[in-house]
Structure formats: structure tokens, C-alpha cells
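The values are calculated or read from the model by the stated rules, or taken from the named source; none is laboratory data. As the structure is a computational prediction, the values presented were derived from the model and not from experiment. Cβ placement follows ideal geometry from the backbone for every residue including glycine, while neighbour counts extend to all protein chains displayed. For accessibility, only protein heavy atoms count, side chains too; no ligands or nucleic acids. Shrake-Rupley method; radii C 1.70, N 1.55, O 1.52, S 1.80 Å.
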Amino acid sequence: MVRDRKVAAHEIELDGKIMPMQVVSIREGRVADIYPLDGEMAGTEWLGGRIEIRKDSDSSLIAYKDNKRIE
């Protein structure tokens, strides 16, 4: 079973839109879900700052922090 990596940040940027206090769930290197941070959430890593979500060549969503891909 593949487990998602959950990371949280002050801001998520997607398609030029900024969403405050969000969690990004990453499965096999791709964004599986984005949802609001609701207090402390078990198994969630706090990265802080901004996570940028970009589309790759096959339109999959990929998360980046400081221009480094989050795996």
C-alpha cells in the first residue's frame, strides 16, 4: 500500500491563486489532494512558507518548495 506524504505550508500557489494554510497530499511524486489545514493533523509535515503547485508535461500536478520538487 502506497502512503501519501502530507505537507503543510502557510500558502499554496496554484494557477496564480494563493490559498492560505493548506495541506498537500503527495502520492508517488504527484499531488493527490489539497485541503485546508485544520489545526494539528497527525502525520503532516510542516514546511512553512509557500508551496507552488505546477503542471508537468502530462498535466499532472507537482508540488515544489523553494524550486525543489517535493517527493
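Of everything in segment 1-56 that's in a loop (DSSP other than H, G, I, E, B) and of a type in the set (Asp, Glu), which residue is modelled with the lowest pLDDT? Spell out the reasoning first.
From segment 1-56, those in a loop (DSSP other than H, G, I, E, B) are 1-4, 15-16, 28-29, 37-43, 47-49, 56; that's our starting set.
Keeping just the survivors that are of a type in the set (Asp, Glu) gives 4, 15, 28, 38, 40, 56.
On the way: ASP4: 95, ASP15: 95, GLU28: 94, ASP38: 91, GLU40: 88, ASP56: 94.
Going through the qualifying residues, I end up with GLU40.
For segment 1-38, which residues satisfy the criterion of being of a type in the set (Val, Ile, Thr) and open to solvent by less than 60 Å² (accessible area, probe 1.4 Å)? Passing the criteria: VAL7, ILE12, VAL23, VAL24, ILE26, VAL31, ILE34. Here the condition is being without any contact (Cβ under 8 Å) to a residue 40 or more places away in the chain and in contact with a Pro (Cβ under 8 Å, 6 or more places away or on another chain); of VAL31, VAL23, it holds for VAL23 alone.
Residue check: is ALA42 surrounded by 12 or more Cβ atoms within 10 Å (Cβ to Cβ) and either in contact (Cβ under 8 Å) with a residue 40 or more places away in the chain or out of contact with any Lys or Arg (no Cβ under 6 Å at 6 or more places or on another chain) (or both)? It is false that ALA42 is surrounded by 12 or more Cβ atoms within 10 Å (Cβ to Cβ) and either in contact (Cβ under 8 Å) with a residue 40 or more places away in the chain or out of contact with any Lys or Arg (no Cβ under 6 Å at 6 or more places or on another chain) (or both).
Say we look at segment 45-68 and pick out the residues that are within 18 Å of ASP15 (Cβ to Cβ) and of a type in the set (D, E, K, R); which of these is most open to solvent (accessible area, probe 1.4 Å)? That would be LYS55.
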